[in-house]
1. When a/c reaches 1.5 or more, the comparison of a/b and b/c decides; with that in mind, is the range 115-306 rounded, prolate or oblate per its Cα gyration tensor?
2. Hey, rough spin-label estimate for M139 and I213, points 7 angstrom out along Cα→Cβ, what's it come to in nanometres?
3. Could you compute the FRET efficiency for M371 and E22, with r as their C-beta to C-beta distance and R0 at 51 Å, rounded to 0.05?
4. Restricting to DSSP loop positions (anything but H, G, I, E, B) with no more than 16 other Cβ atoms inside 10 Å of their own Cβ, which GluC sites (Glu not before Pro) remain in the range 1-67?
5. According to a simple spin-label model (label point 7 Å from Cα along Cα-to-Cβ), what is the distance in nm between N33 and E331?
6. If you consider only alpha-carbon coordinates, what radius of gyration and Dmax does the range 6-84 have, in Å?
7. For L16, L255, what's the fewest-to-most ordering of other Cβ within 10 Å of each Cβ?
8. In the range 6-84, with Lys and Arg counted as +1 and Asp and Glu as -1 at Cβ, which of these residues, L50, F14, L79, has the Cα nearest the positive end of the dipole, that is, farthest along it?
Amino acid sequence: MKKSKTILVNGKDFPLSPDRTEVLDILIGAYPNQTTFSRSEIKDATDGYLPYWIKSSKYPFKEKEVGGNGVVFNLTQVLGGYNGGYSQGGDTVVPIPIKKEEPVGVAVPATAAPMNMPVAAATSVNLLDEGIKIIPEKMVNYVPFGHYKDVKKIIKSKIFFPVFVTGLSGNGKTLMVEQTCAALKRELYRVNITIETDEDDLMGGHTLINGNICFREGPVIKAMRKGAVLLLDEVDLGSNKLMCMQSVLEGKGYLIKKTGEWVTPKAGFTVLATANTKGQGSEDGKFIGTQIMNEAMLERFAITMMQEYPPIKTEVKILHKEMELTGDVDEEFCKKLVDWADIIRKTYYEGAIDDVVTTRRLVHIVNAFRMFGDKLKSISMCISRFDEETRNSILDLYSKIDAGVDLNAENPFDPNAPIIDDDLSDDENDVPL
Ligand SMILES: Nc1ncnc2c1ncn2[C@@H]1O[C@H](COP(=O)(O)OP(=O)(O)OP(=O)(O)O)[C@@H](O)[C@H]1O
Ligand SMILES: [Mg+2]
């Protein structure tokens, strides 16, 4: 015999047997926007039948009527878990049928509307519900380095083992976690933490869905249910509201206070966090907004990985692959850029310079070069966010590394100069002077 679907109500199994779903369907049909019903409302809809399970003390349905003397039956949790009706729990808000071959993470239009939906159900919003797998895409130009292998071993083991990855900006911390999950075909919930991030953002909260107040689960609960990898990106930007993660960081699960459900993580669930600091704030003020993280929270991370900029050979390979994406590779330029960045970083570590050229910035330079075909212009444009002194000195350094670039012969990009578009001067509509 086929077993009925079971949902959890206050931690207890509630089988959705055919006679129960029949009653739920009747109630949904009769009272589309309602989750709590009076005795007479139920009886009206069911021809005088009040099911035993609604009255049962095993479940918390029976409640005192607000502002009255009677009782009402609160079926919020049941209707939330019942896929044919409302959705306040872990189930899909709008059932989004996913075919296996559909591209991962692409918004899929809803094709079926719950029968009680009072408004148009069609939506192209990807609610990241159960049917959608959010496995990151593999980057053909990704070059593994540093702690990649270790992170891979950790995620592959399916052992709960929270990892804190720290390092300067733009050296591939986030990408490493993303690409490890891509390689292992594991789902990744990347949550960017800010000072505003709170328990609702992480665990979920009540929201209005098609006219109903529903509990929508947050990324942490979703990742736990699916045994996915959770990435708390830029975790050191968060406030002490992140403390709601304590039991999750112990691998123990979480009590959703708003629904009373205890969610236990599925095997494979683990947490990684990235940060520019070690959670002790930013001494030199470079990473404004970073917070001194709660010691007890940091203590829950099993290990800390220090991510450095890639070694010279690896970084050359990264630039090489980036260039390869759309055209010819200028080996020499790649090598010179990396040598240049390496010297700047060493000078930065010695405290003689205020800014550092990140791997991310080198990739930007390579992309600018692919578009403009001019090395000096590309470098100048990409470093113009630095203060004038730093900009001039590192530009000067590049001209010393690359003899083919002459700061005097060519006119480096001046961020304040008016933009003159060469193409426009050739325009046939130009009026001759
Ligand atoms: N191993 C790599 N292979 C290819 N590209 C890389 C690699 N590491 C870094 N990059 C390049 O550097 C960019 C920045 O990487 P990422 O966003 O992961 O840095 P991050 O360390 O998380 O920086 P932040 O601390 O600012 O968040 C990437 O978008 C990519 O272009
Ligand atoms: Mg990052």
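1. prolate
2. Result for the modelled spin labels: 4.4 nm.
3. Here the calculated transfer efficiency is 0.20.
4. Passing both the DSSP loop test and the Cβ count: E65.
5. My value for the distance between the label points is 7.1 nm.
6. Looking at the range 6-84, its Cα Rg and Dmax stand at 11.9, 34 Å.
7. Result, fewest neighbours first: L255, L16.
8. Projecting each Cα onto the dipole axis, the largest value belongs to F14.
Any read-out appearing in this document is the output of simple, stated calculations on the displayed coordinates, not a laboratory observation. Computed from a predicted structure; not experimentally measured. Every residue, glycine as well, gets a Cβ built from its backbone with ideal geometry; the counts of neighbours run over all protein chains shown.
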